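J.: Structure below; questions to follow.
The values are calculated or read from the model by the stated rules, or taken from the named source; none is laboratory data. Source: prediction; values computed, not measured. When we count neighbours, we look across all protein chains shown, and the Cβ atoms used for this are built from the backbone with ideal geometry, even at glycine. For accessibility, only protein heavy atoms count, side chains too; no ligands or nucleic acids. Shrake-Rupley method; radii C 1.70, N 1.55, O 1.52, S 1.80 Å.
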Amino acid sequence: MIESYIPIMLILFISVGFAVVNVNMSWILGPTRPNREKLSTYESGMEPVGTAREKFSVKYYMVSVLFILFDIEVVFLYPWAVSFMNFEPAKMVYSFISVIIFVVILFIGYFYVIKKGALKWD
Amino acid sequence: MPEWLINLLITLAKIAVVHGVLLTCVAYTVYLERKVSAFMQDRIGPNRVGPFGLLQPLVDVVKLLMKEDIVPVNANRFVHSLAPIISILVALSTIAVVPFGNTINIAGRDIQLQIADVNVGVLYFLALSSLGVYGVTLSGWSSNNKYSLLGGLRSSAQMISYELAMGLAVLAIVLMNGSLELDTIVKNQAGWHWNVILQPVGFIIFITAALAETNRHPFDFAEAEQELVAGYHTEYSSMKFALFFLAEYANVIVMSAVITTLYCGGWQFPFVHSMGLSPTLISILQVLAFCAKTFFWVFFFVWIRWTIPRFRYDQLMNLGWKVFIPLGIVNLVVTGLVLLLMKH
């Protein structure tokens, strides 16, 4: 089975090679005439005010933390989805009821998140 | 020649053909976008270089190659170069698992028209499309520019939100087929059993998530021109900028190919077997059918871009979290229930 991953390895190597060559291409072909104004941060023609390494809204952290939680829930459903049709009928019913319980627990957490206002953007 | 060497050469040939076609299509999708937008806005569009401006994409590439590569002094040089590499790597290697045809017989050898026939094709596609977030986020952070940072943050939050919905939509298809192989999913859609008919809700979720994942209109918060200049690639120039541009359009084409594969029957050409054609001709017709369907979805992406105005950011997040995620779960449970009732 491991042989079927060799093409993926090849395509990854080729894509990295293509990307690295192209990133360095304009460094070789293009001119290099730097000056202080050209290399300063772009800020619509104004002198840059401070840096961009500052605090930003905590909402983005909330979204990424919630993403990790819910993505793991989705990942848990994948093995079930692959084997569901291959179960015998009695086991199908059993696994379906288990998934319903799982989804209900998921929704309890989901409504808690909504009620807490973790996804409010205003 | 030993067997492994022949297989290696066949794989390399397939990669060369697919990448060649993909990169050519990227160049001409840019041209298509410019022409279609011009047509929709009652303009002419590019028409100077070559007949109907057909050589415009080539000239643009040469121009970008010859430009100066500017890296701002405050930027993190290493990450600044790494970000476009990640973006284009993701765009070019996702195509590996997409089957673009059935087997074709060349010189007495059945060649499968798919670069890598792995048994976890769906997971590979989802995993790589989530890696795309890194390209956008790292470029936004490394530029040390406020526009870039905001663009990167917004689109990373957007992409991970819609990834959940996309995963749930695909889950329903996996449930129906009992397999993660894209080839099996295509084979189960023979005739008119396309998943777009069997999974209409999942299809709507997937196509919206696909628009959000590729940062296209109406979800192009990564580069909302009117407020963020150019978003995450504000500080990029010459070929690095071109790589982001290339990655965006390559992503559009790959997403269109995946939509075709998962929902529109992939390379299936309805009733081709009842026409009494030779096997080689059938294979070629199937590849052409795949290309035609993919082209339709590429056109659809362009069409949406020039028709629908941009969402507001809170609307986008509400749509993702409060509509599509619950809808995706409900769709999954209903699909499971229907399958259960059909088995009994």
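J.: Where nothing but the Cβ of Lys and Arg (+1) and of Asp and Glu (-1) is charged, how large is the charge dipole of the range B:3-343 around its Cα centre, in debye to the nearest 20?
T.: Details: 20 positive and 19 negative charges, 77 e Å.
I would put it at about 360 debye.
J.: Compare the Cα positions of B:Phe269, B:Gln41, B:Gln56 along the charge dipole of the protein assembly as shown (+1 at Cβ of Lys, Arg; -1 at Cβ of Asp, Glu; about the Cα centre) and return the one farthest towards the positive end.
T.: Value: B:Gln41.
J.: Would you calculate the convex hull of the Cα atoms in chain B and tell me its volume per residue in Å³?
T.: Working: hull volume 57.3 nm³, N = 344.
Cα convex hull per residue, to the nearest whole number: 167 Å³.
J.: Sticking with this one: Go ahead and estimate [θ] at 222 nm for chain A from helices alone: -39,500 (n - 2.57) per DSSP H run with n ≥ 4, summed, over the residue count, rounded to 500. Let's see the in-between values first.
T.: Numbers: 4 runs with 80 residues, N = 122.
Helix-only estimate at 222 nm: -22500 deg cm²/dmol.
J.: Now a separate question. In the range A:48-87, which residues have a backbone nitrogen under 16 Å from the label point lying 7 Å from A:Ile108's Cα in the Cα-to-Cβ direction?
T.: Inside the label zone: nothing.
J.: Which value results when the Cα radius of gyration for the range A:2-116 is divided by 2.2 N^0.38 Å? Can you show the working numbers first?
T.: On the way: Rg = 25.6 Å, N = 115, 2.2 N^0.38 = 13.4 Å.
For the range A:2-116, the normalised Cα radius of gyration is 1.92.
J.: Roll a 1.4 Å probe over the protein heavy atoms and report the accessible area of B:Glu235 in Å², nearest 10.
T.: 20
J.: With θ set to phi - 60°, apply the Karplus curve 6.51 cos²θ - 1.76 cosθ + 1.60 along the range A:105-114 and write out the HN-Hα couplings as whole Hz, x wherever there is a Gly or Pro.
T.: 3J(HN,Hα) across the range A:105-114, in whole Hz: 4, 4, 5, 4, x, 4, 5, 4, 4, 5.
J.: Counting only protein heavy atoms and using a 1.4 Å probe, what share of the accessible area of chain B belongs to carbon plus sulfur, as a whole percent? Each step should come with its number before you reach the end.
T.: Numbers: 9630 of 13630 Å².
Exposed carbon and sulfur together represent 71 percent of the surface.
J.: Follow-up question, since we're still on this one. How much of B:Asp314 can a 1.4 Å solvent probe reach, expressed as accessible area in Å² and rounded to 10?
T.: Roll a 1.4 Å probe over it and B:Asp314 shows about 40 Å².
J.: Place +1 on the Cβ of every Lys and Arg and -1 on the Cβ of every Asp and Glu in the protein assembly as shown, take the dipole about the Cα centre, and give the residue among A:Leu69, A:Gly50, A:Phe87 whose Cα lies farthest towards its positive end.
T.: A:Gly50
J.: Still on this structure, please answer the following. What's the angle, to the nearest 10 degrees (0 to 90), between helix A:6-29's Cα axis and the longest principal axis of chain A?
T.: In chain A, helix A:6-29 runs at an angle near 20 degrees to the longest axis.
J.: Can you sort A:Met85, B:Met317 by 1.4 Å-probe accessible area, starting with the largest? Walk me through the intermediate numbers first.
T.: Numbers: A:Met85 55, B:Met317 5 Å².
These residues rank, largest area first, as A:Met85, B:Met317.
J.: Between chains B and A, what is the buried accessible area in Å², counting both sides, with a 1.4 Å probe and ligands, DNA and RNA left out, to the nearest 100? Don't skip to the end; give the middle numbers.
T.: Working: alone 16890 and 11560 Å², together 21770 Å².
Buried: approximately 6700 Å² between A and B.
J.: Separate question: In vacuum, with every alpha carbon of the range A:55-106 counted as one equal point scatterer, what does the Debye formula give for log10 I(q)/I(0) at q = 0.29 Å⁻¹? Two decimals, please.
T.: One equal scatterer on each Cα of the range A:55-106 leads to -1.08.
J.: Decide, for the range B:2-101, between rounded, prolate and oblate: order the square roots of the alpha carbon gyration tensor eigenvalues as a ≥ b ≥ c, take rounded if a/c falls under 1.5, and otherwise choose prolate if a/b is larger than b/c, else oblate. Spell out each step's value before the answer.
T.: Numbers: a/c = 2.32, a/b = 1.24, b/c = 1.87.
Taking the square roots of the gyration eigenvalues as a ≥ b ≥ c, the range B:2-101 is oblate.
J.: Of B:Lys240, B:Lys67, which has the most accessible area with a 1.4 Å probe, and how do the rest follow in descending order? Provide the component values of the computation, followed by the final result.
T.: Numbers: B:Lys240 5, B:Lys67 95 Å².
Largest to smallest exposure gives the sequence B:Lys67, B:Lys240.
J.: Here is a follow-up. Report, to one decimal in Å, the Kirkwood hydrodynamic radius for the range A:15-60 based on all distinct Cα pairs. Please report the intermediate quantities before stating the final value.
T.: Working: mean 1/r = 0.0695 Å⁻¹.
Here the Kirkwood hydrodynamic radius works out to 14.4 Å.
J.: Moving on. Please work out how much accessible surface B:Arg109 shows to a 1.4 Å probe, ignoring ligands, DNA and RNA, in Å² rounded to 10.
T.: So the heavy atoms of B:Arg109 present about 70 Å² to solvent.
J.: For every other residue with a beta carbon closer than 13 angstrom to the beta carbon of A:Ser4, add +1 if it is Lys or Arg and -1 if Asp or Glu, then tell me the sum.
T.: On the way: positive: none; negative: A:Glu3, B:Asp117, B:Glu181, B:Asp183.
Taking every other residue near A:Ser4 into account, the sum is -4.
J.: Mind pulling the angle between the C-alpha long axis of helix B:279-305 and the longest principal axis of chain B? Nearest 10 degrees, somewhere in 0 to 90.
T.: The two axes meet at around 40 degrees.
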